[in-house]
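The structure under discussion appears below in the form of structure tokens.
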Amino acid sequence: MRSGWGAIAVIGFVVGPAARGAEMPPNVQAVLAKYCAECHGEKPRGGARLDGLAALGPNERLDLLNKVQDQLFFGMMPPPKDDQPTASEAKALADWVRAELRSHKASKLDDRLPYPDAGNYVDHTALFNGTNQEKAFTRGRRWLVSPQIFDERVLDVFQLEGRERDGMRRSGFHGVTNPFVLPDHAGVRYYDLTALDGGHLLVMLTNAEWIATKQLQAARIKAGDPNAGVADPKDKWYPKTTPAPFETIVAKTGPPTDAELADAVQLQFSLVLRRRATDAELVQYLALTRAAIKAAGNAEGLRQMLKSALLESEFVYRLEFGEGKPDEFGRVTLGPREAAYAIAYALGDRGPDAAILKAAADGKLVTKADYEREVRRLLADENWFRGPVDKGLSGMHIASHVVSHPRMVRFFREFFGYPGATKVFKDIPRSGGFYRNPDRGHLGTPGWLIQEADEFVIWQMAKDTAVFENLLTAEDYFVYHNMDTKAGKAQIAQWKDVYETLKKTEWKSKPEEVMEAHQKMLVAAKILDPRTKELWREKRSFLYYMYWFQDTFGQGRTPFTRGPFTHGYTYEHSPSYNLPPTPHRGRYEGVETPRYKEPKVFPAFWDYPVEQPFRVANRKGILTHPAWLVAFSANTASDPIRRGRWIREKLLAGVVPDVPITVDAKVPDDPHRTLRERVNAATRSAACVKCHSRMNDLGYPLEQFDDFGRFRTLEALEHPDNLIKAGNGKDTADVYKTKPLDPTGVLSGTGDAMLDGPVKDSFDLIDRLAKSDRVRQSIIRHAFRFFLGRNERPSDSRSLMDADRAYVTSGGSFKAVVVSLLTSDSFIYRKTVEN
Amino acid sequence: MATRREFMRTAALGAGALTLAPQLSKAAPVGGKPPMRFIFIHKGNGLFPSVMVPPSLSKDEAATEAKKGPLDLDLAKHELPAWMKPLAAHHGDLTILQGVSGKMCTTGHHTWCSSLGVYKANERISSIKWATVDFELAKMFPSPMEHVEFACFPLGGGNARGTLNGIATGFSARGPQQPNYAFGSPKLAAQELFKAVSTDANVRTRSQLDREALEFAARREREKVRSYADSLEAVRERDRKVDAMADSIRRHAPKLDAKYLAEEMTTVDRQRGHVEVLLAALVSGLTNVVAFTVDELGHEYTGLPGMETERVNLHDVGHGKPVGKLTADEVRFAVRRQHMTLLDTIAARLKKAPEGEGSVFDNTMIFYFPDNGETHHSHGAEYPFVLLSGKNAKLNLRGRYIRLPNYGEAGHATLGNLYTTLLNAHGNPIKHFGDPDPGLARFGHDQFGPIRRFLG
């Protein structure tokens, strides 16, 4: 028991030259002896021996201390069933270990703290119980711009506006690669953690090359310069006019004057860096440009200057250091210009508009009231930040929704993580044939699912009431929503009219006669193309529609407001929601030929709801949306562990340690057991359950949804031994023996006593989560990270509580949360702190 | 590995020893000897161990092979599998290496830099634990470009790059959380690598202007963003080295056929174009290490012999789907064979480039392997290799068919062991490169360190 401890405690922990008062104080030794010695002495459990710290070499010692720190921090040691230290005992040990590690600059936990993954390390209760009265601030920082902000800055260099801007934003520039890639996982990702490095440089060089060339192309073409453009003939675009100060120099036959050069430099500074060059900078840039012009002529020399401005690190950074006299707590406020940028970039990607820049220049962006005024104004502005939610979603078939504040929608996308659905390759036959993997030019089924999840989010944000609760529990979804209600109803009415009028005619045997007799009505309904001279050429379109109407109206059902035979139709994913399919285009192949065989079977196609959103059975909020379920699934199975982990980290503000490198994470096959049973068996051992108890029980209820997002009560045991009937490898899935699902789970260790307890099924789980304070506050914490671009610290407690109160008192308005966050001390104040 | 603790400790040492490598990075080649060259060519969709087997095995040998027992045969006495026939001229330099496992890597559809780094990499940059082995080798054999990477980028699938012809994240890594960038088009590669010696005066002037712009930027950034200023300086340093070898570079600059300069080209042409540029880069001395992603699952394959008009989706082929009249296996055969023609071109050309008493090829090792193991949805059980080594190669492998002992047996080797061997043989004394395979721990054999029998 306490065998070797007494002796070691006397020796202490003299470590050698690196020691800086590294003796373990007696109270800390006592904690180790009382709670750890039994298992971590001579026969150390888990290979961690804690009684020989002094004897270890410095690296090994720090390594072990890091392990101790992790175990204590994640609450894994002592094991739950053993005696637990008191709060002060635990603190004494943890504090000593941390101080030791920090004194050697070796604390791995501290290294992780700034990263988005570690945001939850700050104790939740302490953030929201009002005990912390510290004054909040953000560290002064130089922050790399996000990929979206970068795009907007490039658009600004070319001074593009209106439709041209929207178009180029969507398509991207041929010769510009975005140097920035956000880390690719669910959760807030845009922080000030990276600096420009060699990899970025390569991209910045090629970008600067291309942009500078394009800036001058128009003027050079005018001047008859053969080297005006780029080598690639496909790269046709260039701005129609070159700004006057540049054109002057390009057009001139002799060298430009100082004044002309200075004008050009100032213009480029304003376009690229959005400020004037200082006198010192002007001198440097003039020298550079003059030398280049001497070597290579006016145009190439000018291009050199343009390029150099584009290589300035400032082009891709945001600066937030604050200015003015520090207050009594050592904090300064953001400078007015910095504030204009900070507010604008919090709300969107475009940077400040003229009004906020003017307010800043006029000294009207100083007080909290000033900030609130501008934030509210920009939130109400429908146009400045308008853009698609995710241009990456747009492609051949989908156009991402255009909204007034795409960045706000992006918060929820990143928070929920459903855009990750495109990263999971699926096996088509397993789906019964309906699923399409992302492919060149389009994102397939997950693309549609994400688009529809976006619409769900946008809808709830527009209502701006009980936003968090509704996102989690609303049961009305958008599926195949291609027309607003008014247009959709009109379309259906028109089509129905056609069908009712024509159904008793001889449209099958004499289609051309019927078409002729009712041509006006058919043209009005866009079933016949009026431009076609010969009516018989439209026979196929006419018959397509009529057979389709027979399948739908004829069976008392409403068709989808778009025919499956229309060009570019890719709507096949209704089975993801367990909704019946719409007819497949193949059903009408060859209608216009004599060999067409009318189908004799009339499947129950989907009775399409024109008015959306509409109630979908067995669904509740985003966590049962197929996009989310697919995003958190594996290639050929669902993923209760990752789903559970998401809930633990994002909704319960919990912490789950990373997978240790020694774990070979594979779920064993077993023909007789469901995935839940197999996962349970694989993670049940003492070493595994420490972490898995935090995840599995939250993910098991969601086993009610398979890895395509479909609701089920039985699980197909997909093992060769259980094969009942093989599918055709194309559009019928293999049929396996099934086993009933166990949808129960457990909420435990949530920190909210009202929340803990057994869970009946996923709907019960979601309902309870949505009602809990902790969940609401966890979402607020993530909103904090998103809008402030960093993890929260204990000193941000007041700001977080204010934001929480704003949400509650406003009846659940997300806009209120945003206003609160962007007028908080955490946002407004800066302090330059050493790490 | 008796206890888990020893296991962890040694594992930590394994990763820790890697940090010694920078000390060696300044090491110039010993006594004016030419540097070793390394070419890593990897493909997607897996490589079946069964197709690596020479058809001329005896009954006993075939039986051992079937059981995955150890074999070490003289390739001179054996016929090459049909798809390797393009390498006939290099029969004596060839090694077919089987039985290397890599379960510590990410396997499956996309593997990012796993197979070269020997850890589970994924789409997150944070998953990049350390530099891939090709970069470690590049540090030991410094060159102006340090390392050049070429790729036939995927445009689809779960790992798409935005471009076929541009520069985008590649499949090697420079260091922890530092992905490398690769050239997608031969034209861009040639332009970027050889611009200083272009015959076009305009290009040269531009190149000079570029130098001056870099100098200007480096000066301005010195007081601002240190890491950026350092990168700028690094590029300038590289440019200075390139200037110093301008003659050699000029002599060996690639002359690309028009079809390799087009905006649209078939995959096969892209590969051939890349081969031209990589040969020029190696022979001129711009780099000593090249990585080449010859295909990736998300890349649509065009121009394959027998399927010239098809856009082959390798993912579907991996699931057994035929293409036109060809079965999936036949498609795989055609893809591999096409790759062998590339290896033949590289080896033959390097053999024609004189160096010292012989040729550049004498000092070269070419590795051809799957980035994700033994099949389409692999588990990393086997990574078959085709190696071509010159006579000065430090590994004792030429002209052999080698199957290493099976998983769990004594003498079994992982990718980590293979790369450790490579690094040790060339002067990096690292104890073990790469993550351990926890599944091997239970068999009780030491899975760390080099494969001794390969070390000369």
Next on the checklist: So if I check each of B:Val277, B:Val294, B:Val312, which one is more than 17 Å from the chain's Cα centre (by Cα) and β-branched (Val, Ile, Thr)?
Outcome noted: B:Val312
Checklist entry - So B:Phe150 fits all but one of (1) of a type outside the set (D, E, K, R); (2) in contact with an Asp or Glu (Cβ under 7 Å, 6 or more places away or on another chain); (3) more than 8 Å from chain A (Cβ to nearest Cβ); (4) part of a strand (DSSP E or B); what number is the exception? => result (2)
Checklist entry - For segment A:404-432, what are the residues that are more than 14 Å from chain B (Cβ to nearest Cβ) and over 18 Å from A:Gly348 (Cβ atoms)? => result A:Phe416, A:Tyr418, A:Gly432
Item to check | Output for segment A:800-823, where each listed residue is open to solvent by less than 10 Å² (accessible area, probe 1.4 Å), within 19 Å of A:Ala369 (Cα to Cα) and among the small types (Gly, Ala, Ser) | outcome: A:Ala803
Item to check | Count of residues meeting criterion [in a loop (DSSP other than H, G, I, E, B), open to solvent by 10 Å² or more (accessible area, probe 1.4 Å), farther than 29 Å from A:Arg776 by Cα and touching a residue at least 24 places away in the same chain (Cβ under 8 Å)] in segment A:434-466 | outcome: 4
Checklist entry - Is there a residue being under 30 Å from A:Ser762 (Cβ atoms), in contact with a strand residue (DSSP E or B) (Cβ under 6 Å, 6 or more places away or on another chain) and open to solvent by 20 Å² or more (accessible area, probe 1.4 Å) anywhere in segment A:580-588? => result no
Next on the checklist: Out of B:His339, B:His315, I need the residue that is surrounded by 17 or more Cβ atoms within 10 Å (Cβ to Cβ), away from chain A (no Cβ under 14 Å) and on the phi < 0 side of the Ramachandran plot. Which one?
Outcome noted: B:His339
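Working carefully through the options B:Ala229, B:Ala258, B:Ala201, B:Ala217, find the one that is at the interface with chain A (Cβ under 7 Å from one of its Cβ atoms) and without any contact (Cβ under 8 Å) to a residue 24 or more places away in the chain. Step through it out loud before you land on a result.
Working: B:Ala229 fails: at the interface with chain A (Cβ under 7 Å from one of its Cβ atoms); B:Ala258 fails: at the interface with chain A (Cβ under 7 Å from one of its Cβ atoms); B:Ala201 fails: at the interface with chain A (Cβ under 7 Å from one of its Cβ atoms).
When all the criteria are applied, what remains is B:Ala217.
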Item to check | Of all residues in segment A:239-278 being β-branched (Val, Ile, Thr) and out of contact with any helix residue (DSSP H, G or I) (no Cβ under 8 Å at 6 or more places or on another chain), the one that is farthest from A:Arg153 (Cα to Cα) | outcome: A:Thr253
Item to check | One residue from A:Pro245, A:Pro256, A:Pro183, A:Pro239 being assigned to a loop (DSSP other than H, G, I, E, B), closer than 18 Å to A:Tyr285 by Cα and either at pLDDT 90 or above or open to solvent by 20 Å² or more (accessible area, probe 1.4 Å) (or both) | outcome: A:Pro256
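Please tell me if B:Thr132 is within 23 Å of A:Ala634 (Cα to Cα), hydroxyl-bearing (Ser, Thr, Tyr) and either more than 9 Å from every other protein chain (Cβ to nearest Cβ) or under 14 Å from the mean Cα position of the chain (by Cα) (or both). Outline the logic, then answer.
Numbers: within 23 Å of A:Ala634 (Cα to Cα): no; hydroxyl-bearing (Ser, Thr, Tyr): yes; either more than 9 Å from every other protein chain (Cβ to nearest Cβ) or under 14 Å from the mean Cα position of the chain (by Cα) (or both): yes.
Considered against the rule, which asks whether it is within 23 Å of A:Ala634 (Cα to Cα), hydroxyl-bearing (Ser, Thr, Tyr) and either more than 9 Å from every other protein chain (Cβ to nearest Cβ) or under 14 Å from the mean Cα position of the chain (by Cα) (or both), B:Thr132 comes out as no.
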Checklist outcome for this item: A:Val188 vs (1) part of a helix (DSSP H, G or I); (2) aliphatic (A, V, I, L, M); (3) in contact (Cβ under 8 Å) with a residue 60 or more places away in the chain: all pass except (1)
Checklist outcome for this item: From the option list B:Gly99, B:Gly69, B:Gly117, B:Gly108, single residue qualifying as in contact with a strand residue (DSSP E or B) (Cβ under 9 Å, 6 or more places away or on another chain), within 14 Å of chain A (Cβ to nearest Cβ) and in contact (Cβ under 8 Å) with a residue 60 or more places away in the chain is B:Gly117
Checklist entry - Regarding A:Thr738, is this residue among the hydroxyl-bearing types (Ser, Thr, Tyr) and in contact with a strand residue (DSSP E or B) (Cβ under 6 Å, 6 or more places away or on another chain)? => result yes
Checklist outcome for this item: Picking from A:Ala99, A:Ala87, the residue that is of a type in the set (A, V, I, L, M, F, W, C), within 24 Å of A:Asn27 (Cβ to Cβ) and open to solvent by 80 Å² or more (accessible area, probe 1.4 Å) would be A:Ala87
Checklist outcome for this item: If we keep only residues of segment A:664-680 that are under 21 Å from B:His110 (Cβ atoms) and out of contact with any Leu (no Cβ under 9 Å at 6 or more places or on another chain), then the residue most open to solvent (accessible area, probe 1.4 Å) is A:Lys666
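Please go through segment A:242-257 and pick out each residue that is touching a residue at least 40 places away in the same chain (Cβ under 8 Å) and more than 11 Å from A:Ala218 (Cα to Cα). If you could, list the steps in order and put the result at the bottom.
Just the residues of segment A:242-257 that are touching a residue at least 40 places away in the same chain (Cβ under 8 Å), to begin with: A:243, A:246, A:249-250, A:252, A:255-256.
A:Ile249, A:Lys252, A:Pro255, A:Pro256 - these are the residues of segment A:242-257 that are touching a residue at least 40 places away in the same chain (Cβ under 8 Å) and more than 11 Å from A:Ala218 (Cα to Cα).
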Checklist entry - Within the group A:Thr624, A:Thr558, which residue is closer than 30 Å to A:Leu651 by Cα and open to solvent by less than 40 Å² (accessible area, probe 1.4 Å)? => result A:Thr624
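Given A:Leu543, A:Leu579, which one is assigned to a loop (DSSP other than H, G, I, E, B) and of a type in the set (A, V, I, L, M, F, W, C)? Lay out the reasoning, then the answer.
Working: A:Leu543 fails: assigned to a loop (DSSP other than H, G, I, E, B).
On inspection, the qualifying residue turns out to be A:Leu579.
Results for (1) open to solvent by 20 Å² or more (accessible area, probe 1.4 Å); (2) modelled with pLDDT of 95 or more; (3) within 46 Å of the chain's Cα centre (by Cα), shown as yes or no for each residue.
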residue	(1), (2), (3)
A:Leu471	no, yes, yes
A:Gln494	yes, yes, yes
A:Met515	no, no, no
A:Val523	yes, no, yes
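Kindly indicate which of B:Arg206, B:Arg174 is within 11 Å of another protein chain (Cβ to nearest Cβ) and over 24 Å from A:Val316 (Cα atoms). Before you say what the answer is, go through the steps one by one.
Details: B:Arg174 fails: over 24 Å from A:Val316 (Cα atoms).
Testing whether each residue is within 11 Å of another protein chain (Cβ to nearest Cβ) and over 24 Å from A:Val316 (Cα atoms) leaves just B:Arg206.
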Checklist entry - Restricted to segment A:19-52, and to residues that are within 14 Å of another protein chain (Cβ to nearest Cβ) and assigned to a helix (DSSP H, G or I), which residue is least open to solvent (accessible area, probe 1.4 Å)? => result A:Gly47
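For segment B:254-284: of the residues being of a type in the set (Gly, Ala, Ser) and crowded, with 22+ Cβ neighbours inside 10 Å, which is nearest to B:Gln338 (Cα to Cα)?
Applying the filter and picking the extreme gives B:Gly273.
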Next on the checklist: Being within 25 Å of B:Gly170 (Cα to Cα), at the interface with chain B (Cβ under 8 Å from one of its Cβ atoms) and not hydroxyl-bearing (Ser, Thr, Tyr) narrows it down to one residue among A:Gly175, A:Gly199; which is it?
Outcome noted: A:Gly199
Checklist entry - Any chance segment A:739-753 includes a residue that's outside any helix (DSSP H, G or I), hydrophobic (A, V, I, L, M, F, W, C) and open to solvent by less than 10 Å² (accessible area, probe 1.4 Å)? => result yes
Item to check | helices (runs of 4 or more DSSP H) enclosed by segment A:101-157 - at least 1 residues per element that are among the small types (Gly, Ala, Ser) | outcome: A:124-128
Item to check | Number of positions in segment B:61-78 that are in contact with a helix residue (DSSP H, G or I) (Cβ under 9 Å, 6 or more places away or on another chain), part of a loop (DSSP other than H, G, I, E, B) and open to solvent by 50 Å² or more (accessible area, probe 1.4 Å) | outcome: 2
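The values are calculated or read from the model by the stated rules, or taken from the named source; none is laboratory data. These figures come from a predicted structure and were not determined experimentally. With ideal geometry, Cβ positions are generated from the backbone for all residues, glycine too; neighbour counts draw on all protein chains shown. Ligands, DNA and RNA are excluded from the accessible area calculation, which covers all protein heavy atoms including side chains. Shrake-Rupley method; radii C 1.70, N 1.55, O 1.52, S 1.80 Å.
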